[in-house]
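What follows is a short report on a single structure.
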Amino acid sequence: MIQLVVAAEKLCTPKGSSPKSGQEMSRVELLDRVYISIEDGKIIDISTSKPKSFVRFVEADLVVPGFVDCHTHIPFYGFRENDFLKRVGGATYLQLHSSGGGLFDTVERVRKASESDLLTFNLRFLKELLKKGVTTVECKSGYGLDKESELKQLNVIDKLSKIVPQDIVSTFLGAHAVPKGLSESEYVDQLIDMLDEVKNYTSFVDIFCEVGAFGVESARTFLMKAQEKGFKLRVHADEISNIGASRLAAEFKAVSADHLLKIDDDAIQALAESGTIAVLMPSTSFHLNETYAPARKLIESNVFVAIASDFNPGSSPTLEPTFVMHLAVRHLKMSPEEVLTAFTLNAACVLNLSDRLGTVEVGKQADLVLYDDASLLTLPYMIGLSPKAVVKRGQVFEN
Ligand code: NIG
Ligand code: FE
């Protein structure tokens, strides 16, 4: 017996399991009045005729795939409201960072927090994200900067993944900053020593390759070791300055290069050739009052583009997906169709989950966002728009 039928006045979805670039990013399917049949958490049929028997029936004006936030800094502990005020007053991200504040304040708090503190503090964000239609979330370590605290964060991610309905993918970002009291190379050695244990938690590593964090040479040393050990690589690249980080990501055929506010034309070409996905996070540009990544150039150069929130207490205290979509249309100049592909299928490809999610198609997991009185354009237009319901693996969460 069909457990759930979702009747969609309009179904809008990218198609397939491979990442999309160039004009393909706009080619989303728009179907009128279809019935999506769901059994055991999977889509078993999409048809224009209504199934005869089913357990539950839900209707909506618009159905899109569950959003995939492929870059967040959950879990962290405490906020940094003062950084916000200082930045509004003219301080830069790097000034706060190099004076020992900025993310180091969060590191201090995360080190002191217990696992249960971290769990409680971050659970609400995942609950909030689900209500907003984000059915898959990437979470990272990176606020421990020592073995014990980094593993504590990874453990918390693991626990969160068992509590929340979302698919959670974790990433080791021990290489987020050089902890006070150690040199860059001393800490890179420690990071390399952590990798075997980290392997028990995740197959992804990330590094913040930036002035004041890790230079290209130490990033290369770290990425080489991580790749040898079978990790998939991600790089925070060209966020505040351009020191060649996205070229490095391309050199390693990293899964993703994230941020890219300051990327140059040669590096764009390199990413197109390496197949590395560009993860763009316009809310970081907004909060840092910085330039926006050259999304049009990236798309026109056939780089795969995904978008994400970068949700963190410093550079992007924003988890609202419609705000990210709004900025993507307004400042990245992406079309609503490109935004949809970037926030679903392409983001699922970053997390290596596109075989089972990222689109609404037969055989895929039933992760859907349902809206009334909305078209695809309403999503980026109306910041804060809430879905009427979210379906995760066939389970309905009504708002
Ligand atoms: O992606 N750039 C490095 N990491 C984060 C900021 C983290 C923080 O400030 O707490 C980012 O912007
Ligand atoms: Fe980030």
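The values are calculated or read from the model by the stated rules, or taken from the named source; none is laboratory data. For clarity, every value in this text was computed on a predicted model and none was experimentally measured. Neighbour counts run over all protein chains shown; Cβ positions are idealised from the backbone, glycine included. Areas reflect the complete protein model, heavy atoms only, side chains present, ligands, DNA and RNA absent. Shrake-Rupley method; radii C 1.70, N 1.55, O 1.52, S 1.80 Å.
Amide H contacts for ALA306 (H built 1.01 Å from N in the peptide plane; partners 5 or more residues away or on another chain; cut-off under 5 Å): ALA278, VAL279, LEU280.
Measuring between their Cα centroids, region 1-18 and region 355-399 lie 9 Å from each other. In order along region 219-229, the phi-based Karplus estimate (6.51 cos²θ - 1.76 cosθ + 1.60, θ = phi - 60°) of 3J(HN,Hα) comes to 4, 4, 4, 5, 5, 4, 4, 5, 5, 4, 7 Hz; Gly and Pro are listed as x.
In this structure, the amide hydrogen of LYS10, modeled 1.01 Å from its nitrogen in the peptide plane, lies closer than 5 angstrom to those of ARG33, LEU62, VAL63, counting only residues at least 5 positions away or on a different chain. Proximity of backbone amide H atoms, modeled 1.01 Å from N, is registered between HIS236 and ILE207, PHE208, CYS209, ASP258 at under 5 Å, excluding neighbours fewer than 5 places apart on the same chain. Relative to the longest principal axis of the Cα atoms of the chain, helix 103-112 runs at roughly 80 degrees. Applying the Karplus relation 6.51 cos²θ - 1.76 cosθ + 1.60 with θ = phi - 60° to region 291-300 yields 3J(HN,Hα) values of 5, 9, 4, x, 4, 4, 4, 4, 5, 5 Hz, where x marks Gly and Pro. Remark: the chain carries 38 Å² of accessible area per residue (probe radius 1.4 Å; ligands, DNA and RNA excluded). The calculated 222 nm mean residue ellipticity attributable to helices in the chain amounts to -10500 deg cm²/dmol, summing -39500 (n - 2.57) over DSSP H runs of n ≥ 4 and dividing by all residues. Where both bridge residues fall in region 245-399, DSSP classifies roughly 55% of the beta bridges as antiparallel.
For the set LYS10/LYS52; LYS140/LYS388; LYS199/LYS333; LYS15/LYS229; LYS20/LYS127; LYS20/LYS50, the pairs lying more than 27 angstrom apart at their alpha carbons are LYS140/LYS388; LYS199/LYS333; LYS15/LYS229; LYS20/LYS127; LYS20/LYS50.
Only the Cβ atoms of Lys and Arg (+1) and of Asp and Glu (-1) were treated as charged; on that basis the dipole of the chain about its Cα centre amounts to roughly 760 debye. In order along region 196-201, phi translates into HN-Hα couplings of 4, 6, 4, 3, 5, 10 Hz, rounded to whole numbers, per the Karplus curve 6.51 cos²θ - 1.76 cosθ + 1.60 with θ = phi - 60° and x for Gly and Pro. Percent antiparallel among DSSP beta bridges with both residues in the chain, to the nearest 5? Just about 45 percent of them are antiparallel.
Considering only LEU30, PHE79, PHE104, the residue lying farthest towards the positive end of the dipole of region 16-114 is PHE104, judged by Cα position with unit charges set on Cβ.
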